[in-house]
Every structure is written in structure tokens, then in C-alpha cells.
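**Q** One structure coming up, written as C-alpha cells, with questions to follow.
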């Protein structure tokens with residue numbers, strides 16, 4: 001499959017920067033990047049029982065200097081900003097070793113930080129030497145292309161629903177990959193030293209994309225981003241230079257047969273999220289005081305718009321909802337969907353007038 005000369009649902013093998021340069025401008029809806037952390041580990045670490053800690057000693061995490069690491073990050077982030085859609089966003093995850101350097105680089109390149117999300121690991125690795133606090137967090141920077149890019153995707157209502165009806169905060173309590181979720185190699189050891197939990201990617205993708213959007217991960221590893229994207233009905237593009245990781249990731253993704261139930265969740269439109277009282281339309285002369293509103297059967301019932309935004313119908317005065325309910329003899333009524341106004345002898349639903357006003361005023 002391809003979309004505008006970009007092969008989707010594919011893992012590209014090779015250097016991230018070189019491959020990113022081949023992608024079309026403004027072709028990606030969401031980027032999740034888990035770049036090398038540049039941990040600068042110089043010595044092996046052992047537990048109190050003298051067993052070796054299986055940390056991050058991979059060659060891909062080693063850089064000759066901070067300058068080399070900064071130059072590397074500048075290069076891949078420049079390409080990410082170029083290929084990101086104006087409505088798209090990027091998430092970058094890191095530890096205290098690198099995230100502050102990356103955040104500074106992103107601001108210098110024009111990105112705009114929307115949130116710093118703290119991943120609180122509920123089962124962190126202890127600090128065996130007892131020389132520091134146990135490191136139990138990593139930071140995700142969620143950024144738009146720039147301060148002026150206001151129309152980025154954020155599924156506020158959907159995430160509130162996902163969080164049990166409460167607005168989700170920027171602290172996410174999620175455990176490290178353990179048990180069946182941790183992918184292991186033929187030798188029984190973990191296949192990737194920094195595999196991220198699927199719950200982390202689920203929140204990232206649910207909050208920032210719609211069905212069929214394209215999610216890019218330029219450091220694909222064992223394919224967590226692609227796996228979760230597929231489970232949520234999104235498309236993915238991965239870049240990975242390690243052939244062994246690619247083989248593991250492809251097998252993992254190919255084995256996914258069912259979608260998650262959240263795939264069917266749809267974010268309520270931003271126009272509907274903005275609350276505009278009927279009185280505001282009257283105050284701003286969008287609907288004038290003294291005008292007449294009609295019901296669906298235009299000549300059946302009508303009401304006069306009062307200066308305070310209430311309606312007067314016969315001897316009754318009340319809101320668009322209360323008067324609508326009285327006319328229908330029901331307990332409640334959505335007045336926005338009940339009342340019409342005549343303009344040039346044509347009926348217009350007042351809900352449509354409200355939406356046009358919202359779009360004009362808020363640039364939606």
C-alpha cells in the first residue's frame with residue numbers, strides 16, 4: 001500500500017536520517033520517537049547478590065561526545081518537522097540523560113511544546129548502589145510544529161472517557177514491560193533493552209490521531225508503535241536499522257488479528273466542545289432581539305426572542321430548551337435542534353447558526 005508516494009504499514013530498513021529524507025513533505029499525522037538516550041554508561045552494574053544488571057549497553061546508544069549526539073538529534077528532528085502535517089504532532093520520549101538536550105533542540109528548530117508528560121514507572125529498577133534516588137520516571141515531550149500551528153489533533157473528550165470520565169493528567173502511571181508483554185529472543189533474554197509498554201503507546205496514539213492516520217516511528221525497535229497503531233485502526237511507518245529487530249517486529253505485527261474496542265471511539269467535534277449560550281448570539285446580534293423562532297413545522301408554534309436570550313411563547317418565558325419542552329410536553333428538549341429562524345424566507349436551524357459563529361470566531 002502507498003499514500004502519496006509513502007509506503008505505509010511497512011518497516012524501512014536502514015539509517016533513520018537517510019530514509020526520513022526520502023519521505024514527502026507534510027505526509028505524517030503523528031510521530032513517536034524513542035531515540036537513543038546516550039546514557040554514557042562506562043561500567044557494568046551489579047546487584048547486591050553479584051548478578052549483572054541487564055542495562056543498556058547497545059552500540060546504538062553510544063556517541064563520541066555530546067556534540068555528536070546533538071548533531072544527530074538536530075538532523076532527524078529537522079526531517080521530522082518537514083514531513084509532519086500542519087495538524088500533526090510529535091512525541092519524543094527520553095530520560096534525564098537526554099530529554100533536556102532534545103527539548104532545547106526542538107525549541108530551536110521551531111517546535112512548540114504542548115505538554116511534558118511524565119511516565120511514572122510503577123515497577124522501576126532499584127538503584128542498587130544506593131548513591132541516588134531510584135529513577136522511576138521518563139519524560140515525553142508532546143509538540144506541535146510551532147506556536148502558530150493551532151489546529152493540531154487532540155482527542156480531549158475521548159481521553160476523558162478512557163480515563164473513566166476524569167480529565168487525564170500529564171502523569172501516567174504505567175509499569176515496565178514484564179511477563180508476556182516483554183519480547184524475548186531465542187536465548188530467553190529480552191530482545192530489546194528499552195521496549196516500551198503498549199499502554200504508553202495506546203495513550204499517545206489515542207490522544208493524537210484518528211482512524212487511518214499515519215503514525216511514524218523513526219526508531220522502530222521491536223515494533224510497539226506499529227503493533228498498537230494496527231490494533232487501533234491506524235496506519236504505521238517504521239524505520240529500523242537492526243535486521244533482527246525488524247524480523248521480531250514484523251512477526252509481532254503480522255500476528256495481530258483483532259482491533260481494540262477503543263478503535264470505534266470518535267472524538268466529539270471541537271465545535272460541539274465549545275459552549276456558546278443562546279444569549280451570546282442575541283447579545284452579539286447574530287440573532288436579533290424581537291426576531292421570531294419557529295418549530296420544525298414552521299407555522300405550528302413560534303416564539304419571540306427577548307433581549308436577555310429567553311424566548312416568549314404565548315404566556316410562557318424561558319430558555320430555548322424549556323420552551324421547546326413545554327411545546328412538546330416532554331421533560332427535556334435540545335432547543336438548538338428544535339428551533340428555526342427564517343432568513344430570506346428560508347429556515348435555518350439555530351444550531352447551524354451557532355456552529356457557523358463558532359467556526360468564524362475561533363478559526364475552527
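The values are calculated or read from the model by the stated rules, or taken from the named source; none is laboratory data. Fair warning: this is a prediction, and the values are worked out from it, not measured in the lab. Glycine also receives a Cβ, built like all others from the backbone with ideal geometry; neighbour counts cover every protein chain displayed.
**Q** Any chance you could count how many residues in region 106-147 are at pLDDT below 95 and over 23 Å from residue 197 (Cβ atoms)?
**A** So the count comes out to 4.
**Q** Is it the case that residue 90 is in contact with a helix residue (DSSP H, G or I) (Cβ under 8 Å, 6 or more places away or on another chain) and either outside the structural domain of residue 174 (by TED's automatic domain parsing) or in a strand (DSSP E or B) (or both)?
**A** Yes: the conditions hold for residue 90.
**Q** I would also like to ask the following. Kindly provide the set of residues from region 225-242 that are over 14 Å from the mean Cα position of the chain (by Cα) and part of a helix (DSSP H, G or I), ordered by number.
**A** Residues satisfying the conditions are 226, 227, 230, 231.
**Q** Could you count how many residues in region 196-209 are assigned to a loop (DSSP other than H, G, I, E, B) and either over 13 Å from residue 30 (Cβ atoms) or at pLDDT below 95 (or both)?
**A** Going through region 196-209 one residue at a time, the tally reaches 2.
**Q** Go through region 322-331 and give me each residue that's closer than 17 Å to residue 277 by Cα and surrounded by fewer than 18 Cβ atoms within 10 Å (Cβ to Cβ).
**A** 322
**Q** Restricting attention to region 171-205, which residues are buried (at least 17 other Cβ atoms within 10 Å of the Cβ), farther than 17 Å from residue 91 by Cα and in contact (Cβ under 8 Å) with a residue 60 or more places away in the chain?
**A** Of everything in region 171-205, just one residue is buried (at least 17 other Cβ atoms within 10 Å of the Cβ), farther than 17 Å from residue 91 by Cα and in contact (Cβ under 8 Å) with a residue 60 or more places away in the chain, namely 183.
**Q** Which condition from (1) modelled with pLDDT of 95 or more; (2) closer than 22 Å to residue 247 by Cβ is the one that residue 193 breaks?
**A** Unmet for residue 193, out of (1) modelled with pLDDT of 95 or more; (2) closer than 22 Å to residue 247 by Cβ: (1).
**Q** Which members of region 338-348 meet the condition of being out of contact with any strand residue (DSSP E or B) (no Cβ under 6 Å at 6 or more places or on another chain) and either modelled with pLDDT of 90 or more or surrounded by 13 or more Cβ atoms within 10 Å (Cβ to Cβ) (or both)?
**A** Passing the criteria: 338, 342.
**Q** Can you give me the ranges of the helices (runs of 4 or more DSSP H) entirely in region 256-364 with at least 2 residues that are under 30 Å from residue 225 (Cβ atoms)?
**A** 270-273
**Q** Taking the condition of being crowded, with 16+ Cβ neighbours inside 10 Å and in a loop (DSSP other than H, G, I, E, B), how many residues in region 154-170 meet it?
**A** Matching residues across region 154-170 total 3.
**Q** Follow-up question, since we're still on this one. Restricting to region 7-36, give me the number of residues that are farther than 22 Å from residue 152 by Cα and either not in a strand (DSSP E or B) or not assigned by TED's automatic domain parsing to the domain that holds residue 234 (or both).
**A** 11
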